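The values are calculated or read from the model by the stated rules, or taken from the named source; none is laboratory data. All of these numbers come straight from a predicted model, not from anything done at the bench. All Cβ positions, glycine included, derive from the backbone under ideal geometry; neighbour counts span all protein chains shown. These accessible areas exclude ligands, DNA and RNA; they are computed on the full protein's heavy atoms, side chains included. Shrake-Rupley method; radii C 1.70, N 1.55, O 1.52, S 1.80 Å.
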Amino acid sequence: MGGNTSCIAVYPNGSPVPTIVLDAGTGLRAVTGLTGGEPFRGTILLSHLHWDHVQGLPFFVAGDRPDSVVRVVLPDNGGTGVETMARAMSPPHFPIRPDELRGRWRFDAIGEGVIEVEGVAVLAREIPHKGGRTFGYRLSTSDASVAYLPDHLPASDGPGAEAAADLARDVDVLIHGGHFTAAERAPAHAYGHATIDQAIALAERCAVGCLYLFHHSPSRTDDLVDEIERSVADVVPPILVAREGEEIAV
């Protein structure tokens with residue numbers, strides 16, 4: 001039951017180590033073990049600044065060392081990136097500030113649009129989610145595409161619906177939050193999240209190659225996750241249910 005919070009390591013363009021990380025939840029600690037003892041040199045894309053997506057930052061050993069080079073990209077919420085991060089990561093909430101991490105850290109607050117990240121084209125779009133500006137990301141190379149929408153409340157129309165579709169349309173893999181089932185729609189919407197059936201509807205509408213459900217509820221046991229996997233076994237497009245430490249090739 002439970003597990004680490006949102007963090008996905010990406011190995012773009014055949015890199016032997018991850019150079020892009022999607023969100024910095026507590027799972028970021030495990031990325032240190034993927035760098036082969038070397039410092040992390042790459043970019044962390046934050047979808048938003050809720051605690052479960054940033055709490056791994058000060059515990060990222062491969063990033064918190066003198067020879068690391070870390071760029072953190074986050075949605076522009078007003079002010080500089082480091083100022084925004086410091087609202088949650090500074091005394092009295094935490095003993096050190098973002099600018100006290102060792103190595104060369106850079107915090108970039110960005111708006112919507114396309115940026116280049118470690119040789120990958122990244123489209124950032126604002127998606128509906130409660131409690132602060134939230135981005136979904138689409139990562140594209142010449143031969144693969146991945147959309148990342150961890151937390152969002154689907155909109156039936158308007159800019160929010162258009163943004164989610166722009167990110168997910170025709171991607172090889174859509175990584176989407178699977179925290180809530182259809183029976184849990186009321187709390188899902190109260191917290192600004194999609195339910196699994198809504199994630200499936202988005203995947204179908206956007207003709208994605210594969211839907212990958214992650215960010216499971218911390219109360220979901222392995223048996224319950226297995227039950228969800230069985231319930232979507234015959235759905236098209238194919239649906240995978242994430243397990244910690246799992247790797248997929250795109």
So residue 196, is it within 19 Å of residue 5 (Cα to Cα), at pLDDT 95 or above and β-branched (Val, Ile, Thr): no
Residue tally, condition assigned to a loop (DSSP other than H, G, I, E, B), open to solvent by 50 Å² or more (accessible area, probe 1.4 Å) and at pLDDT 90 or above, over segment 200-216: 1
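Confirm whether residue 243 is of a type in the set (D, E, K, R) and within 25 Å of residue 133 (Cα to Cα). Talk me through it step by step, then tell me what you get.
Numbers: of a type in the set (D, E, K, R): yes; within 25 Å of residue 133 (Cα to Cα): no.
The answer is no for residue 243.
What about residue 166, is it within 20 Å of the chain's Cα centre (by Cα), open to solvent by 40 Å² or more (accessible area, probe 1.4 Å), under 28 Å from residue 110 (Cα atoms) and in contact (Cβ under 8 Å) with a residue 60 or more places away in the chain?
Values: within 20 Å of the chain's Cα centre (by Cα): yes; open to solvent by 40 Å² or more (accessible area, probe 1.4 Å): yes; under 28 Å from residue 110 (Cα atoms): yes; in contact (Cβ under 8 Å) with a residue 60 or more places away in the chain: no.
No, not satisfied.
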Scope segment 47-83; condition open to solvent by 10 Å² or more (accessible area, probe 1.4 Å), assigned to a loop (DSSP other than H, G, I, E, B), touching a residue at least 40 places away in the same chain (Cβ under 8 Å) and under 14 Å from residue 98 (Cα atoms); matching residues: 49, 55
Verdict on residue 10 being open to solvent by less than 10 Å² (accessible area, probe 1.4 Å) and within 24 Å of residue 119 (Cα to Cα): no
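Within segment 174-199, which residues are assigned to a strand (DSSP E or B) and within 16 Å of residue 23 (Cβ to Cβ)?
Taking segment 174-199 and keeping what is assigned to a strand (DSSP E or B), we get 174-177, 180, 195.
Scanning segment 174-199 gives 174, 175, 176, 177.
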Of the criteria (1) modelled with pLDDT under 95; (2) on the phi < 0 side of the Ramachandran plot, which one residue 43 fails: (1)
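Scan 150, 154 and give me the residue that is open to solvent by 40 Å² or more (accessible area, probe 1.4 Å), within 26 Å of residue 218 (Cα to Cα), in contact (Cβ under 8 Å) with a residue 40 or more places away in the chain and under 18 Å from the mean Cα position of the chain (by Cα).
Details: 150 fails: open to solvent by 40 Å² or more (accessible area, probe 1.4 Å).
It is 154.
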Odd one out for residue 1 among (1) modelled with pLDDT of 95 or more; (2) more than 22 Å from residue 128 (Cα to Cα): (1)
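Can you name the residue in segment 13-46 that is part of a helix (DSSP H, G or I) and not β-branched (Val, Ile, Thr) and, of all such residues, is most open to solvent (accessible area, probe 1.4 Å)?
Here is the first cut: in segment 13-46, the residues part of a helix (DSSP H, G or I) are 13-14, 28-34.
Now drop any that are not not β-branched (Val, Ile, Thr), which leaves 13-14, 28-30, 33-34.
Values: 13: 103, 14: 72, 28: 0, 29: 133, 30: 62, 33: 68, 34: 65 Å².
Out of the qualifying residues, it is 29.
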Scope segment 75-120; condition more than 21 Å from the chain's Cα centre (by Cα) and aliphatic (A, V, I, L, M); matching residues: 96, 101
Matching residues, segment 117-146, being open to solvent by less than 10 Å² (accessible area, probe 1.4 Å), under 15 Å from residue 6 (Cβ atoms) and touching a Lys or Arg at 6+ places or on another chain (Cβ under 9 Å): 135, 136, 137
Tabulated pairs, segment 88-110, first touching a residue at least 60 places away in the same chain (Cβ under 8 Å), second open to solvent by 40 Å² or more (accessible area, probe 1.4 Å) and assigned to a strand (DSSP E or B), C-beta under 7 angstrom, 6+ apart or interchain: 103/69
Restricting segment 217-250 to residues that are out of contact with any strand residue (DSSP E or B) (no Cβ under 8 Å at 6 or more places or on another chain) and in contact (Cβ under 8 Å) with a residue 40 or more places away in the chain, the residue that is surrounded by the most Cβ atoms within 10 Å (Cβ to Cβ): 220
